[in-house]
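Nothing in this text is a laboratory measurement; each read-out follows from the coordinates by a stated rule. Just so it is clear, the model here is predicted, and its values are computed rather than measured. We place every Cβ from the backbone using ideal geometry, glycine too, and count neighbours over all the protein chains shown.
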Amino acid sequence: MKETDIRPADLIELSKKLYAEDIRKILVAKNDFVRVDCPACESAHSHFAFEKSGFSYERCVDCRTLYVSPRPTMEMLGEHYQTSLMYDYWSENIYPVSEDVRRKSIFAPRALRAVELCKQHGLNGGLILDIGAGFGTFLQEVDRIGFFEKCLAVEPTPKLAEACRKKGLFVLEELAENVKLDSPADVITNFELIEHLFRPVEFLEQCHRLLKPGGLLLLTTPNILGFDLLVLGAASDNIAAPNHINYFHPGSLRIIMKRAGFEVIETLTPGELDVDIVQNKIRAGEFQVTDQPFLQEILVERGDSIKREFQRFLAENQMSSHLWVVARRI
Ligand SMILES: [Zn+2]
C-alpha cells in the first residue's frame, strides 16, 4: 500500500485549502480556548513542544503524551465538526471515489485483524459495536466474516448513518455518549477517534459502561513515538489541530485505559506507511534529511527492499505511527 492510494494527491490539495479555512474559523474564538492537563495521566506538569497553525502543543513531562492546550471547548469542537468544510469534502468526494481501494487496503485487513484479535483473546462472537462507523465499510467487512451474531454501527452524522443503513447495517444514529444498549456488547471498536476528543477518558468510560465484564475494546490511534511522527514532528500532516488534539503512545494508553477501568492486554503497530510518508515529504521539498546521514541513506540513497525491511522493523518493534490497542474491561 502507498500513501497516495488512500489519499489521492490532487484531491488532497483542495482538502488542505478547506482545512486552512476550518482553522481560520475556529481560531476566531482563540481567546476562549481552555487549558487542560495531560489527557492520559492528568499531570499538570508539561513543557511547550511547538506551535503549528495557531495551536500550541504541550508534552507531558510524566508520560510524554503530546496534546493541544489551550484547546477549543467541547461546544466549539461540536460546532467545528458540524460545519467543517474539509470533513464535508472528504465524505462527499474523497471517500466515495476511494472506497474500493480503501476497502481492499484498509477495511478488509482491519476487519480480519479485529476478528483474529477477538479470537486470540478468547471471544466467541456475540455483539460488536463500532463507534464512529463512518461509511460502514469496516463493519460490513466484519459482518461478511460471520464471526459476530450482530454488528451495530454508532454514527451520529446523518449522511454517514444513511450510508451504513444502505449497506444493510443496524445503525444507532447518535453520539456515543447518548448510546444505550438493551444488552451489553462483547466487543467495541473505534478507529482513529480518541485523538479527536476533548475528554478522551470520558469516552473510554462510556465504552466501559456499554461492554460486558471481560468484554474487549479495540481501537487505533496515532502513536506519537512512531517513526514518521518522531522524524517529522510538527511537519507531519498528522499534527492537525483542531481535529487531532491528543497524541498517545503504547505506554500512555495503558495509563488512560486503566483510569477508565480497562486493562491493556496487547498493543501492536502494524503500520505500513511510515517510510512512505516521510519519503513523500522529502520529495515534496517540505522536509529535509540532508543533515541526518542515517535517514538520508535509508530513505533517499537505498533501494526499495531496504525500505521495506526498515518498515517491517518499525512495525515489529512498536515504532510505527499506526497503533492498535486491545483492552479488556476489568
Ligand atoms: Zn501525562
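If you count, for each residue, the other Cβ atoms within 10 Å and average over each peptide, how do 312-321, 7-16 line up from highest to lowest?
312-321, 7-16
Let me check I've understood the local charge: for residue 320, count other residues with C-beta under 11 angstrom from its C-beta, Lys and Arg +1, Asp and Glu -1. What total comes out?
Cβ neighbours under 11 Å give a net charge of -3.
So if I restrict to the alpha-carbon atoms in the stretch 124-184, what is the Rg, and what is Dmax, the biggest pairwise distance, in Å?
Answer for the stretch 124-184, Rg first and Dmax second: 10.8, 33 Å.
Provide the gained length on full extension for the span residue 318 to residue 73, in nm with one decimal, where the gain is 0.36 nm per separating residue minus the Cα-Cα distance.
Working it through step by step, the gained length comes to 85.0 nm.
Among 171, 296, 184, whose Cα lies farthest out toward the positive end of the dipole of the chain, if unit charges sit on the beta carbon of Lys, Arg (+1) and Asp, Glu (-1)?
Of the candidates, 184 comes out farthest on the positive side.
Could you rank the peptides 271-279, 208-216 by their average count of other C-beta atoms within 10 Å per residue, with the highest value first?
271-279, 208-216
What's the local net charge at residue 290, with K and R +1, D and E -1, over the other residues with C-beta under 12 Å away?
Net local charge, residue 290 excluded: -3.
What does the highest-first list of 175-184, 246-255, 230-239 look like by mean Cβ count within 10 Å?
Descending mean neighbour count gives 246-255, 230-239, 175-184.
Between residue 230 and residue 284, what length in nm is gained on full extension when 0.36 nm per residue of separation is reduced by their alpha carbon distance?
17.6 nm
What is the sum of charges around residue 121, taking Lys and Arg as +1, Asp and Glu as -1, for the other residues whose C-beta is under 14 Å from the C-beta of residue 121?
+1
Between residue 259 and residue 302, how high is the FRET efficiency from 1/(1 + (r/R0)^6) when r is the Cβ-Cβ distance and R₀ = 41 Å? Nearest 0.05.
Calculated value: 0.40.
May I ask what percent, to the nearest 5, of DSSP beta bridges between residues of the chain are antiparallel?
Of all bridge pairs located within the chain, approximately 60 percent are antiparallel.
Rounded to the nearest 0.05, what FRET efficiency is calculated for residue 1 and residue 35 with R0 set to 30 Å and r the Cβ-Cβ distance?
0.15
Averaged across orientations, what area in nm² does the convex hull of the alpha carbons in the chain project?
Convex hull of Cα atoms, orientation-averaged projection: 16.2 nm².
Hey, rough spin-label estimate for residue 113 and residue 27, points 7 angstrom out along Cα→Cβ, what's it come to in nanometres?
Once both label points are built, they end up 3.4 nm from each other.
Which links in 30/180; 2/52; 17/159; 25/307; 52/104; 52/180 stretch past 30 Å when you go from one Cα to the other?
Checking Cα-Cα distances, 30/180; 25/307; 52/104; 52/180 exceed 30 Å.
For the stretch 194-233, take the convex hull of the Cα atoms, compute a quarter of its surface area, and give me that in nm², please.
3.7
Just to verify a number: FRET efficiency for residue 150 and residue 45, C-beta to C-beta distance, R0 = 41 Å, to 0.05?
It comes out at approximately 0.40.
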